[in-house]
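*Asks:* There's a structure below that I have some questions on.
The values are calculated or read from the model by the stated rules, or taken from the named source; none is laboratory data. Not measured: the values here are computed from a predicted model. Cβ atoms come from the backbone with ideal geometry, glycine included; neighbour counts cover every protein chain shown. With ligands, DNA and RNA removed, areas are computed over all heavy atoms of the protein, side chains included. Shrake-Rupley method; radii C 1.70, N 1.55, O 1.52, S 1.80 Å.
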Amino acid sequence: MNAFLENSAPLIDVRSPAEFEQGHIPGASNLPLFSNEERCLIGTTHKQLGSYAATQLGLELVGPRLGKLAEKIKGVAAEGNLKIYCWRGGMRSGSVGWLAKTIGLEVQLLDGGYKRFRNWALALFEQQWPLQILGGGTGSGKTEVLQAIAQKGGAMVDLEALASHRGSSFGALGLPAQPSSEHFENCLAICLHKQQGKSVIWLEAESAQVGRCRIPNGIWKQMQTAPLVLLERPTPERISLLVEVYGRQEIEGLIEATQRLSRRLGPQRTAIAVANIRDGNLEAACAEILDYYDRYYIKELQKRQMGFKRIAGEGKTAETIAEMLMQLEGA
């Protein structure tokens, strides 16, 4: 698997669009041999009439469009090299691989296909990783600090970026649609693979689920026992950071996210927060909502059985805090 992933040639997934959307190897382009409907039809034929009839049907469907498929393959290939996979590394990838070789390309097929990649990814989550968790109240700027760690050459995995969600009721605002949990796992596996050999890998403290994306159980268990550093900032700084992130979002989106918290905020506090959002007073709205998040965060922190370190972030940039954290790694 490592040799396949480390090959820099363009990667083609020849499975159906629905299979690709459910999850694929990150970086792959989808050039489906069959449409979703065709794949279902071939599967039904195989079940009812056997493999020969299904193969014949596949040939009849693909034959007329081989020329166009060859053009697409040629357009994706770089410097005459290509990587191809399907579900099990069987007929679909073999057929497209044959076509690619016929037009003069060097091709590497993934033996075992996407199924093998998934098994590799799931096994990766069960390995022991040198995780270090960055915690802190909502609006502490943890994501910016992680990004600064990466810019300074440190190792980190941004779970929220992979999940396309900031992990709260407001987390989806202004971001692309979330991937499936399966594809989230695929992206996480590739990120971890790239960090192998590092002495410390920083992650942000998260719930077991980031939006609809669930953190794999093997990683989640390790996060619960990994060393924790709490980034502490005064409330005015946190409010300022939150307004900077969410202030550009549409008012109705902010109101809907606030109303989703109404059972926990309570009717009075929800009404005050919504009124402040409508009036454009986002600082006051943040102050109301932060009270709930802080109480929840303290409650979760009290459940933690292991100790933790604190780091003062008042008045400091993300870059400065990143340097402080990286110095802690060897302490």
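*Asks:* If you put +1 on each Lys and Arg Cβ and -1 on each Asp and Glu Cβ, how big is the dipole of the stretch 145-221 around its Cα centre, in Debye rounded to 20? Intermediate values should be presented prior to the final figure.
*Replies:* Working: 7 positive and 6 negative charges, 28 e Å.
Charge dipole, the stretch 145-221, about its Cα centre: 140 debye, nearest 20.
*Asks:* Next up: For ALA172, list long-range residues whose amide hydrogen, built 1.01 Å from N in the peptide plane, is under 5 Å from its own amide hydrogen.
*Replies:* Residues meeting the amide H criterion: ARG166.
*Asks:* Ignoring ligands, DNA and RNA, what percent of the accessible area of the stretch 1-131 is carbon or sulfur (1.4 Å)? Before the final figure, lay out the partial values.
*Replies:* Values: 3840 of 7120 Å².
Roughly 54 percent of what the probe reaches on the stretch 1-131 is carbon or sulfur.
*Asks:* Report, in debye and to the nearest 20, how large the dipole of the chain comes out about its Cα centre when Lys and Arg carry +1 and Asp and Glu carry -1 on their Cβ. Mind showing how you got there, number by number?
*Replies:* Numbers: 37 positive and 35 negative charges, 175 e Å.
Dipole about the Cα centre, nearest 20: 840 debye.
*Asks:* Oh, and also: Relative to the first principal axis of the alpha-carbon coordinates of the chain, what is the inclination of helix 66-76, with its axis defined by its Cα atoms, in degrees from 0 to 90 and to the nearest 10?
*Replies:* The two axes meet at around 40 degrees.
*Asks:* Write down the accessible area per residue of the chain in Å², having rolled a 1.4 Å probe over the full set of protein chains. If you can, show how the numbers build up before the last one.
*Replies:* Working: 17050 Å² over 331 residues.
Dividing the accessible area of the chain by its residue count gives 51 Å².
*Asks:* Here is a follow-up. Can you tell me how the stretch 1-134 classifies by the Cα gyration tensor, rounded, prolate or oblate, using a/c under 1.5 as the rounded cut?
*Replies:* Values: a/c = 2.37, a/b = 1.42, b/c = 1.67.
Oblate.
*Asks:* Related question: Could you tell me what percent of the accessible area of the stretch 197-260 is made up of carbon and sulfur, with a 1.4 Å probe and every protein chain present? Present the calculation step by step, with values, prior to reporting the outcome.
*Replies:* Details: 1560 of 3150 Å².
Answer for the stretch 197-260: carbon and sulfur cover 49 percent of the accessible area.
*Asks:* Given an 8 Å cut-off on Cα distances and at least 6 residues of separation, report the relative contact order of the chain as a percent.
*Replies:* 17
*Asks:* Where does the chain land at 222 nm, in deg cm²/dmol rounded to the nearest 500, when only DSSP H runs of n ≥ 4 count, each adding -39500 (n - 2.57), divided by all residues?
*Replies:* The helix-only estimate for the chain comes to -16500 deg cm²/dmol at 222 nm.
*Asks:* Using the Cα centre of the chain as origin and beta-carbon charges of +1 (Lys, Arg) and -1 (Asp, Glu), tell me which of SER207, LEU254, ASN36 is placed farthest towards the positive end of the dipole.
*Replies:* ASN36
*Asks:* While we're on this one: Just one of [x] 40; [y] 34; [z] 49 is percent of Cα pairs over 30 Å apart calculated from these coordinates, so which is it?
*Replies:* Recomputing percent of Cα pairs over 30 Å apart here picks out [z].
*Asks:* Under the rule of at least 5 residues apart or a separate chain, name every residue whose amide H is placed under 5 Å from the amide H of GLN108.
*Replies:* LEU82, LYS83, ILE84
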